[in-house]
Amino acid sequence: MAAETRPGAADIRTARAQNPKMRERDLARVLGITEAELVASFVGHGVKRIDPRFDDLFPGLKQVGEVMALTRNESAVHEKIGPFETFVNGKRAALMLGDQIDTRMFPANWVHGFAVEKVDGKEVRRSLQFFDAHGDAVQKIHARPDTNLVAWDRLVETLLLDDQTPEQLPEVTAAEPFSRKLPADGVEAQLRARWQAMTDPHQFHGLLRDLDLDRVSAFELAGETWAWPLDRGSVPALLRLAASEGIPIMCFVGNRGCIQIHSGAIATVMDKGPWINVMDPTFHLHLRTDHIYEVWAVRKPADVGHVTSIEAYDSDGQQFIQFFGVRGEGNLERADWRGLAENLPKLDRAVQLGAAE
């Protein structure tokens, strides 16, 4: 939307009042603005600007006790309830390690921060919300009934920016849309040789970078020993099978600034419209099944044997959720997870079944 037609802060607040139940992400889209701009329009009205300074933010969060950490992208919402525990800082990437909240974070993409208080009847709902340079949320941290609010308020004061000028929206830049890469001639042989030589699944990122490949292109070239396409219904099937058979899984949902991970069993899986949901005491997942365009089963060599992932992609070829079986370093992949992953319906089989009907 052109600058002269973009709504100002007061206009955004009016639209919010007129649409009190609409999700902020959806309202921002309707208004032609980013979610960061929507939140910033309430500075002075229950919102304060804060500095997403990792050195103070995460040690401070350790003091507040139980919270809900939310990381999402366009197609999946990943919520974990528990305390922030062990923080490992780094300039390019940082880690939060814990039994419940487990993340990989990229500090350069934590650009705008806000402490938000919303009055909901007699309650005040508190959150810390962080956005990238494009105005997209990287992570939101919500207070819970058992959160230590004294420690919460102390953390907000520590992170508070001097500039709390109201009616001032942040500068955001348009993000470059994700696009597939055309593989170079002769890259297939290099890919297969390097793939087979891997000793750690994390080496896959370097392989893609060196060969200038996107993930789906690599899968298409790797051969069925290493990657094969699945029916789109494989992801809901995976969740239901993992829940019914008690198979512990790792579920990764990420965006430019944060990847959030659940590790463990799941129990309650339910459908609601286009969403499939996991609703367990400390883990909630909301996944848009209508955004699933491709699903791949992928094998990568590991320190012991290989590991198998199930990965879902949107129509642009961008990954939005990924699953592994729970596995400790130095251990073989669990047989129950491998059996589940390898027996999900392959795409060619699903196509044949559809034609037979």
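Odds and ends about this structure:
- Selection count where residues are open to solvent by less than 30 Å² (accessible area, probe 1.4 Å), closer than 25 Å to residue 112 by Cα and assigned to a loop (DSSP other than H, G, I, E, B), scope the stretch 251-289: 1
- Consider the stretch 175-227 and keep the residues that are open to solvent by 10 Å² or more (accessible area, probe 1.4 Å) and of a type in the set (Phe, Trp, Tyr). The one that is farthest from residue 306 (Cα to Cα) is 178.
Conditions tested, residue by residue: (1) in a helix (DSSP H, G or I); (2) modelled with pLDDT of 95 or more; (3) more than 28 Å from residue 278 (Cβ to Cβ).
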| position | (1), (2), (3) |
| --- | --- |
| 147 | no, yes, no |
| 152 | yes, yes, no |
| 157 | yes, yes, yes |
| 171 | no, no, yes |
| 180 | no, no, yes |
| 200 | no, no, yes |
| 216 | yes, yes, no |
| 237 | yes, yes, no |
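- Any chance residue 119 is of a type in the set (Val, Ile, Thr), modelled with pLDDT of 95 or more, open to solvent by 70 Å² or more (accessible area, probe 1.4 Å) and under 30 Å from residue 64 (Cβ atoms): no
- Check on residue 15, surrounded by 15 or more Cβ atoms within 10 Å (Cβ to Cβ), more than 21 Å from the chain's Cα centre (by Cα), at pLDDT 95 or above and of a type in the set (Gly, Ala, Ser): yes
- Applying the criterion of at least 2 residues that are under 24 Å from residue 150 (Cβ atoms) to the strands (runs of 3 or more DSSP E) found wholly in the stretch 1-110 leaves 47-50, 66-72, 76-83, 86-88.
- One residue from 279, 250, 270 being in contact with a His (Cβ under 8 Å, 6 or more places away or on another chain), over 20 Å from residue 179 (Cα atoms) and of a type in the set (A, V, I, L, M): 250
- Long-range neighbours under 6 Å by Cβ, at least six apart or interchain, first residue within 24 Å of residue 177 (Cα to Cα) and touching a residue at least 60 places away in the same chain (Cβ under 8 Å) within the stretch 306-317, second open to solvent by 10 Å² or more (accessible area, probe 1.4 Å) and of a type in the set (Ser, Thr, Tyr): 313/293; 314/293
The values are calculated or read from the model by the stated rules, or taken from the named source; none is laboratory data. Keep in mind that what you see is a predicted model, and the values were worked out from it rather than measured. Counting neighbours? That spans all protein chains shown, and the Cβs are built from the backbone with ideal geometry, glycine included. Protein only, heavy atoms only, side chains kept; ligands, DNA and RNA dropped before computing areas. Shrake-Rupley method; radii C 1.70, N 1.55, O 1.52, S 1.80 Å.
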